[in-house]
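Below is one structure, written out as structure tokens; the observations come after it.
What follows is calculated from the coordinates using simple rules that are stated; it is not laboratory data. All figures in this text were calculated on a predicted structure; none of them were measured in a lab. Backbone-built Cβ (ideal geometry, glycine too); neighbour counts: all protein chains shown.
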Amino acid sequence: MSLHDDNKALLAPLRRALRSGEGAAVRAALDAVFAPDAQIRLGHPHGQLEGPEALWEQVYAPLMEAMPDMERTEFIMMAGPRWGAGKSGNCVGLGGNIVGTLRAPWLGIPPTQRPAFFRYQEYLRIEAGRVVEMEGLWDIPQLMLQSGVWPMAPQLGVEWMCPGPADGQGVLTAPHDAALGDASVQAVWDMLHDLKHGTANDPERGLGGYWHRNAVWYGPTGLGTARGHAGIAELIFRQFREGLSDNTRHLDEGVFFGDGNLVAFTGWPSGTTLHTGDGFLGLAPTGKQITRRSLDFWRVEDGLVRECWVMVDMLDLYRQLGIDVLARMGRLSGGRLAA
């Protein structure tokens with residue numbers, strides 16, 4: 001057993017508690033796993049937090065009040081050392097869905113009294129048996145859509161409940177294979193460096209030779225999901241390349257790690273760009289410089305990307321473009337909050 005296997009085992013009580021939906025168990029597990037001064041970064045509107053108490057009081061307690069039967073399950077659990085020369089840190093990546101019945105408002109999202117779900121993806125850095133750093137993005141817009149108060153531009157990709165890896169090997173329990181993990185990260189690293197050279201006139205740049213012909217790009221709600229080279233290029237990549245310029249990816253500053261065929265990346269921010277065209281999200285260009293927070297997983301198969309789970313802080317992107325999505329949603333919901 002390696003340190004990375006131990007780190008995955010360390011999170012087992014927290015994973016069980018979050019799956020149980022029992023508030024007392026969740027709070028106790030957070031206290032046991034997180035360092036008291038753990039630095040926690042979440043997407044808008046939660047932002048920067050410190051320690052497990054804040055994570056419970058400001059995030060999980062309100063969610064579990066609104067969704068009393070909340071259950072959180074993973075379709076990805078992986079671990080590994082931060083990849084790259086001169087890099088340090090040991091990481092665990094978690095991704096899955098939060099499901100439950102939305103009984104009361106949460107973040108202004110009106111209740112449906114029906115089963116609902118949204119995706120989460122998280123990166124945790126562990127030192128001496130405690131989580132000392134966490135970055136997490138939750139697909140809050142996914143819940144807005146199900147509540148019938150969609151406040152953003154229509155997405156081009158398909159909307160669905162995101163599945164786990166098609167090979168059934170997302171929650172990794174086999175001993176950590178450092179060599180395979182390194183090879184998987186290298187494949188994704190090479191792909192991303194070619195991808196950044198793509199333009200609106202060449203939307204498939206970065207796909208050929210790196211992605212399987214039937215690869216699936218599972219995007220956040222607001223962008224949606226696409227399949228195959230043409231689908232990914234036309235529904236996803238083209239709008240970035242038509243609407244954004246001076247697009248700089250902060251790959252060296254981000255955190256990459258690999259475990260078997262899985263690769264994780266987190267960047268806070270992962271990129272900086274100018275909003276100069278009308279292709280991005282269907283919005284008129286603002287000329288504003290914006291940053292992008294993302295947390296992604298890839299599955300590599302025979303040296304090619306077969307599946308990619310992308311999470312982008314969509315609420316923060318809109319905020320930077322001058323659109324308060326939560327306020328707009330409140331106006332759309334009218335008097336439904338007490339339903």
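Here are the numbers for the structure shown:
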read-out: Distance between modelled label sites at residue 272 and residue 302, nm, 7 Å Cα→Cβ extension; value: 4.1 nm
read-out: Ranked list, fewest to most other Cβ atoms within 10 Å of each Cβ, for 98, 232; value: 98, 232
read-out: Förster-model FRET efficiency, 41 Å R0, residue 186 and residue 331, C-beta, rounded to 0.05; value: 0.30
read-out: Region 1-77 versus region 258-293: alpha-carbon centroid distance in Å; value: 26 Å
read-out: Residues 78, 1, sorted so that the one with the fewest Cβ neighbours within 10 Å comes first; value: 1, 78
read-out: Ascending count of other beta-carbon atoms within 10 Å, so fewest first, for 245, 88; value: 88, 245
read-out: Dipole moment magnitude, nearest 20 debye, the chain about Cα centre, only Lys, Arg, Asp, Glu C-beta charged; value: 780 debye
read-out: Contour minus Cα-Cα distance for residue 128 and residue 246 (0.36 nm per residue); value: 38.4 nm
read-out: Estimated [θ] at 222 nm from DSSP helical runs (n ≥ 4, -39500 (n - 2.57)) normalised by residues in the chain, nearest 500; value: -7500 deg cm²/dmol
read-out: Semi-axis lengths (Å, descending) of the ellipsoid that matches the C-alpha gyration tensor of the chain; value: 28, 27, 18
read-out: Relative pair counts by distance (%), Cα atoms of region 3-146, 10 Å bins; value: 12, 42, 34, 10, 2, 0
read-out: Computed over the chain: relative contact order in percent, which uses C-alpha pairs under 8 Å that are six or more apart; value: 17 percent
read-out: Computed FRET value (nearest 0.05) for residue 179 with residue 319, which takes r as the C-beta separation and R₀ as 51 Å; value: 0.75
read-out: Residue of 250, 197, 212 that the Gaussian network model of the chain assigns the largest fluctuation, springs spanning Cα pairs under 10 Å; value: 197
